[in-house]
Amino acid sequence: MIIVTKKQYYFDQKKCFTMKFLLLFCFAAYSLLAYEVGNGKSLLLLLNSSKGTVSFNELNMTVLPHPLNAQKGFVILPIDYYTLPSEIEGQWNTPDGNLTLAVEISKAPYPTEILVVESAKVSPPPEALERIAQEKAEAEKIYAAYNPIRYWNKPFIRPIESIITSEYGSARTYNGVLKSYHGGVDFRAKTPLPILASNDGVVVLAKDRYYAGGTVIIDHGEGIYTCYFHFSQLDVKVGDKVTQGQSIGLSGATGRITGPHLHFGVMVHGVQSDPLHFMTQIETLFKL
């Protein structure tokens, strides 16, 4: 039989109270932290627990386990390109309570580009409209799907080592008409060069498309997809498992394009994000 003295009982109660206070203090201190991120970027929120969910507006995200530290967790919050400067509040919902997270969104300094392309790529002929709509719906369905499996366990890499010819976020004017912003990064690739998978994953799309030309999309799990456009040759098919650094095809000049190059993009929870900024955010997980 174990006998607990009154002195020991009060000591244990005091110790328990102190631990709860410290835990609540740490959570409260964290909830007071303010974050800043530009439109079109992704913000990695490092949490001191891998439990619960984080919600911002209509986006609900499961807290993901840290790849190196089992005591920590994280979520990746994507900010849509068209989001105006503002401050948004989110909730970290945990078994121990709900905490408020504040994020200030600033306007990122994106350039403007003037491009001249084939007129049919700016104003498609009627017979191409159905194809374009189908391809758009197909891609949106892919990006909206959440796969809880994590395929990656290392930082993401560039799919090709080359000069960047067009940055993410550029406001693009085609043939004198403002059409869109650039949803990825363009790398120069004047000759057919091997394009590498940025990280481990599963191919969920591999086909020729009207605007993007030869296209490969890789699912990396947990709402992360990488996109590769304008291939002259595809070396993978839907369902293929790929590893980081594996060649998935050859660069080309297919689709709406002014010259041979690779368009590289990242989708996070269905939102286009600056791929290079996203990669630097993921890298922080492996520098602790």
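Data overview
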item	result
Globularity ratio of region 112-286, using Cα Rg and 2.2 N^0.38 Å	0.99
Distance violations [Cα-Cα > 25 Å] among 141/237; 41/136; 51/141; 72/287; 136/237; 107/154	51/141; 107/154
15 Å beta-carbon shell around residue 89, net charge (K/R +1, D/E -1)	-4
Highest-first arrangement of 256-266, 75-85, where packing means the average Cβ count within 10 Å	256-266, 75-85
Protection proxy ranking of 142-153, 206-217, 127-138 - average other beta-carbon atoms within 10 Å, highest first	206-217, 142-153, 127-138
Total formal charge among the other residues, if their Cβ is under 13 angstrom from that of residue 138, Lys/Arg +1 and Asp/Glu -1	+1
Neighbourhood charge, 13 Å Cβ-Cβ cut-off, centred on residue 34 and excluding it, Lys, Arg +1 and Asp, Glu -1	-4
Euclidean distance of C-alpha centroids, region 34-113 and region 248-288, integer Å	20 Å
Within straight-line cross-link reach of residue 241, aspartates and glutamates at Cα separation under 17 Å, skipping those fewer than 8 residues along the same chain	200, 219, 222
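Quick note: the coordinates plus some simple rules give every number you see, no bench work behind them. All figures in this text were calculated on a predicted structure; none of them were measured in a lab. Virtual Cβ from ideal backbone geometry, glycine too; neighbours counted across all protein chains shown.
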